[in-house]
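Here the structure is laid out as structure tokens; the discussion comes afterwards.
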Amino acid sequence: MKYGAKKVEILGIPIDAVTENEALDAVADLLIVGTGHKVFTPNPEMLVMARKRPLFREALRSADLAIPDGTGLLWAARFLGKGLPARVTGTDMVGRICSLAAKEGRSVFLLGGRSGIAEMAADRLKTEYPDLLVAGAMSGGSVEYDETGMPILDYEVERAINLAAPDILFVAFGHGNQEEWIHANLHRLPSVRVAAGIGGAFDFIAGKAKRAPAWMRKAGLEWLWRLILQPWRVGRIVTATVVFPLYVVAERFGFLKDK
């Protein structure tokens with residue numbers, strides 16, 4: 001790939017040491033080298049979650065591109081004596097990938113999110129990128145698991161995606177579930193060259209959620225913005241700002257057991 005193959009491992013999860021431009025170059029490469037590629041956006045909360053969910057951990061480790069979506073990862077890399085050049089947010093990457101797709105004639109499909117949000121996000125993206133080919137949008141739904149603990153690919157979802165035959169699939173089933181779902185089911189969606197788990201990006205794109213001001217994002221205070229607007233997320237924020245650093249310190253001094 002154009003950006004090279006340097007990865008930084010944090011809590012057992014390989015993270016690509018890329019800038020936003022380098023991440024976009026990597027996606028461009030993936031689009032021309034076959035199908036079935038996975039792009040994930042690990043953040044501190046996800047790395048903690050992965051220690052408790054083996055399938056999620058397996059999914060993250062299988063990523064063709066894992067972008068560092070969280071300033072906590074930059075701190076962790078420095079503390080561990082490694083290096084990540086920049087934070088690359090999943091929400092920003094959706095726009096950059098759609099711009100790339102519009103220029104190269106690639107089609108996209110938006111899957112998941114709250115009722116009506118994927119469709120609204122698709123309309124916003126088509127307005128911003130008039131040449132973008134939106135093969136389809138299907139909001140709602142949740143990930144169900146079979147008796148063995150594997151995510152199920154709903155027949156209607158499979159049929160809709162395969163009929164639309166998109167090049168790029170954006171999946172918003174929430175962190176953990178979406179990565180496991182992609183990991184388990186991407187092989188049944190033969191047209192998809194790149195599948196990306198993008199969390200709550202549809203809400204931001206559709207204008208149903210407000211991003212933190214740029215200065216707060218740059219200062220690593222996005223967690224405070226989310227706490228103010230969504231106080232019910234306090235548990236997740238504690239995981240990212242307290243539990244994650246404790247795990248990283250334990251890893252640095254050899255107290256963390258490998259999974």
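Just so it is clear, none of the values below were taken in a lab; they were calculated from the coordinates. As the structure is a prediction and not an experimental result, all values here were calculated from the model. Reconstructed Cβ throughout: ideal geometry from the backbone, glycine too, with neighbour counts over all protein chains shown.
Listing for the model above:
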quantity	calculated
For the chain, built as a Gaussian network whose Cα springs stay under 10 Å, the top-fluctuating residue of T19, T127, T41	T127
Least to most buried among K38, K218, K7 (fewest other Cβ within 10 Å first)	K218, K7, K38
Calculated FRET value between W75 and K103, using beta carbons and R₀ = 30 Å, to 0.05	0.30
Degrees separating the helix 20-30 axis from the principal Cα axis of the chain, which is the longest one	50 degrees
³J(HN,Hα), Karplus 6.51/-1.76/1.60, whole Hz, each residue of the stretch 105-122, x for Gly, Pro	x, 8, 9, 10, 10, 9, 10, x, x, 5, 3, x, 6, 4, 5, 5, 5, 4
Mean-position separation - Cα centroids, the stretch 173-211 and the stretch 18-36, in angstrom	17 Å
Simple label model, 7 Å out from Cα along Cβ direction - A250 to D146, nm	3.4 nm
Residues in the stretch 166-202 reached by a label modelled at S62 [backbone nitrogen below 13 Å; 7 Å Cα→Cβ]	178-189, 195
DSSP bridge orientation in the chain - percent antiparallel, rounded to nearest 5	20 percent
Top of S191, S142, S115 by mean-square fluctuation, Gaussian network on the chain, Cα under 10 Å	S115
For G70, distant residues with modelled amide H under 5 Å away	V88
Subset of K6/K82; K7/K103; K126/K218; K52/K218; K6/K52 violating a 18 Å alpha-carbon distance limit	K7/K103; K126/K218; K52/K218; K6/K52
Amide H contacts under 5 Å for G112, placed H, 5+ residues apart	M138, S139, G140, A172
J(HN,Hα) series, the stretch 124-134, from Karplus relation 6.51 cos²θ - 1.76 cosθ + 1.60, nearest Hz, glycine and proline x	5, 5, 5, 5, 6, 10, x, 8, 5, 8, 8
Neighbourhood net charge (12 Å Cβ-Cβ; Lys/Arg +1, Asp/Glu -1) for N177	-2
Intensity falloff of the chain expressed as log10 I(q)/I(0), Debye formula with alpha-carbon point scatterers, at q = 0.07, 0.11, 0.12 Å⁻¹	-0.22, -0.57, -0.69
Dipole of the chain [Lys/Arg +1, Asp/Glu -1 at C-beta], most positive-end residue of L133, T241, V33	T241
Charge dipole (debye, nearest 20) of the chain; +1 at Cβ of Lys and Arg, -1 at Cβ of Asp and Glu	920 debye
Potential extension, V234-R188 segment - 0.36 nm per residue separation minus Cα distance	12.9 nm
The chain: most fluctuating residue of A214, A101, A135 per GNM, C-alpha cutoff 10 Å	A214
Acute angle (nearest 10 degrees) that the helix 90-104 long axis makes with the longest principal axis of the chain, alpha-carbon atoms	40 degrees
